[in-house]
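Everything on this sheet refers to the single structure shown next.
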Amino acid sequence: MPAISLKGQTMPESPIRKLAPFAEAAKFQGKEVFHLNIGQPDIKTPPEAIEAVRNADLDVLSYSPSEGFASYRKALAAYYAKNGIHITSEDLIVTTGGSEAILFAMGAICDPGDEVIIPEPFYANYNGFSINAGVHVVPVTAQIEDGFALPPIEDFEALITPNTRAIMICNPGNPTGYLYKPSELEALRDLVIKHDLYLIADEVYREFAYDNNFHQSILNLEGLEENAIVIDSVSKRYSMCGARIGCVISRNSALNATMLKFAQARLSPPTMAQIAAEAALEVDHSYYEEVKEEYTRRRDILVDGLNSIEGVFCPKPAGAFYVIAQLPVDNAERFAQWLLSAFSHDNKTLMVAPAEGFYATPGMGQTQVRLAYVLEQEKLIQCVELMRLALQEYPGTHY
């Protein structure tokens, strides 16, 4: 048969979705599967967004401008201004999800073989995006014992080479939930300015900051006007994952003109989803506060429950809705597969994401799992008990 590309062969499977066949088999057997593996919120999408699509008065479902509808971009700029981030509608390009925003950014700043330094563990699809763009991910490892705080800035600087084009972070973090401190962001700012690099921040979880903590955007760091690239999305903010609407933001006009060429090459972001996303911006601020309070309660149930289990360690994050937990198992992927294929209690089981796929360094994360606390509180209580019982039964558990 004709050959498969090396790029295709090296494209990693999603650690979030790769065990889906085992989950489907478990459901076929009649088991109820609690999905802690994927960040699909169960919070209802704002009705304003649904109604805007339902009531759209269109004769033709036409292309939008490649950069997105002007009305939506202006509304987005106003949303950021309310959050203390002052940009113009010309500083952003609407994308098909945050995923496309990352691809546009990598494509605009990197040539094949160039490098981007990323603290690990990181969102697993960064690996896929980098392979797609011909970019080499250079990991710098954050430690679970430190709650996945930013590694020492010296560790970043030691990895900078003539091929380095950017440092990339997710803030608050997926998969760790870590919320970067202003001092950590300032240290990164100073480093990228010193070495004339870009700083890319995936800020799609900006609203999800807990315990009176505050999210700081890199767009508000003085001196980064030419260096800052922000990735954003409506997926988690408004529980609109299926809309596939995001944006990429930069005050660097030359960079924006370059990213626009990538946007033109894919024609336009989806029309109906932009209509929904623009309507979602009208949601009252109380929506975020209620959602934050709910996620705080869910986080505490899951993290406190996990840490009550013998041999489990799980740092309590200050943002997003994910945790990484260290388990007393021989191998987290085997354990995750066993949960779906061999374990149940009261005909219920768990689906988790093995954390190894969130690292770029071989061998890291082999006894860790990522869990998303996107289920209602009562279900999370059941999940903790299922995890406790599963670890007692799993043949590869060692305390």
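Compared with the alpha-carbon gap, the fully stretched path from residue 183 to residue 214 is longer by 9.9 nm at 0.36 nm per residue. Taking amide H as placed 1.01 Å from N in the peptide plane, residue 95 has its amide H under 5 Å from the amide H of 246, 247, 248, each at least 5 places away in sequence or on another chain.
For segment 69-180, report the accessible area per residue in Å² (1.4 Å probe, heavy atoms, rounded to an integer). All intermediate terms of the calculation are to be shown ahead of the outcome.
Details: 3760 Å² over 112 residues.
With all protein chains present, segment 69-180 gives 34 Å² per residue.
For residue 260, the accessible surface of its heavy atoms amounts to roughly 50 Å² (probe 1.4 Å, protein chains only, rounded to the nearest 10).
A probe of 1.4 angstrom, applied to the heavy atoms of all protein chains, finds residue 165 with accessible area near 80 square angstrom. For segment 213-265, the fraction of 1.4 Å probe accessible surface lying on carbon and sulfur atoms is 52 percent.
In the chain, the calculated helix contribution to ellipticity at 222 nm averages -11500 deg cm²/dmol per residue, counting -39,500 (n - 2.57) for every DSSP H run with n ≥ 4. Of the peptides 275-282, 33-40, 143-150, 157-164, the order by per-residue mean of other Cβ atoms within 10 Å, starting with the highest, comes out as 275-282, 33-40, 143-150, 157-164.
Mind grabbing the base-10 log of I(q)/I(0) for segment 274-399 at q = 0.11, 0.12, 0.20, 0.21 Å⁻¹? Debye formula, identical points on the C-alpha positions, no solvent, two decimal places. Each listed q corresponds, in turn, to -0.44, -0.51, -1.11, -1.19. Computed from Cα positions, the angle between helix 97-109 and the longest principal axis of the chain comes to roughly 60 degrees.
A 1.4 Å probe run over the protein chains yields, for segment 346-388, 35 Å² of accessible area per residue, whole-number rounding. Between segment 17-70 and segment 207-236, what is the C-alpha centre distance in whole Å? Rounded to whole Å, the Cα centres lie 25 Å apart. For residue 155, the accessible surface of its heavy atoms amounts to roughly 70 Å² (probe 1.4 Å, protein chains only, rounded to the nearest 10). Carbon-plus-sulfur fraction of the accessible area of segment 307-399, 1.4 Å probe, in percent? The C+S portion of the solvent-accessible surface of segment 307-399 is 47 percent.
Listed by chain and number, the lysines whose alpha-carbon sits under 27 Å from that of residue 7, ignoring those within fewer than 8 places in the same chain, are 18, 261.
Scaled to the compact-protein estimate 2.2 N^0.38 Å, what is the alpha-carbon radius of gyration of segment 135-227, rounded to two decimal places? Walk me through the intermediate numbers first.
Values: Rg = 13.0 Å, N = 93, 2.2 N^0.38 = 12.3 Å.
Against the compact-globule rule of thumb, the ratio is 1.06.
Calculated on the alpha-carbon coordinates, the convex hull of the chain measures out at 163 cubic angstrom per residue.
Report, to the nearest whole %, how much of the accessible area of segment 30-77 belongs to carbon and sulfur atoms, 1.4 Å probe, protein only.
Values: 1510 of 2740 Å².
Of all accessible area on segment 30-77, carbon and sulfur atoms account for 55 percent.
Semi-axes of the equivalent ellipsoid for segment 237-320, please: Cα gyration tensor eigenvalues, times 5, square-rooted, ordered largest first, whole Å. Kindly include the intermediate steps, with their values, before the conclusion.
Numbers: eigenvalues 270, 70, 31 Å².
Output for segment 237-320: semi-axes of 37, 19, 12 Å.
Helix 332-341 and the longest principal axis of the C-alpha atoms of the chain enclose an angle of approximately 70°.
The values are calculated or read from the model by the stated rules, or taken from the named source; none is laboratory data. Since we're looking at a predicted model, the values are computed, not measured. Quick reminder, even Gly has a Cβ in these numbers, built from the backbone with ideal geometry, and neighbours come from all protein chains shown. When the accessible area is computed, the model is the full protein with side chains, heavy atoms only, and any ligands, DNA or RNA have been set aside. Shrake-Rupley method; radii C 1.70, N 1.55, O 1.52, S 1.80 Å.
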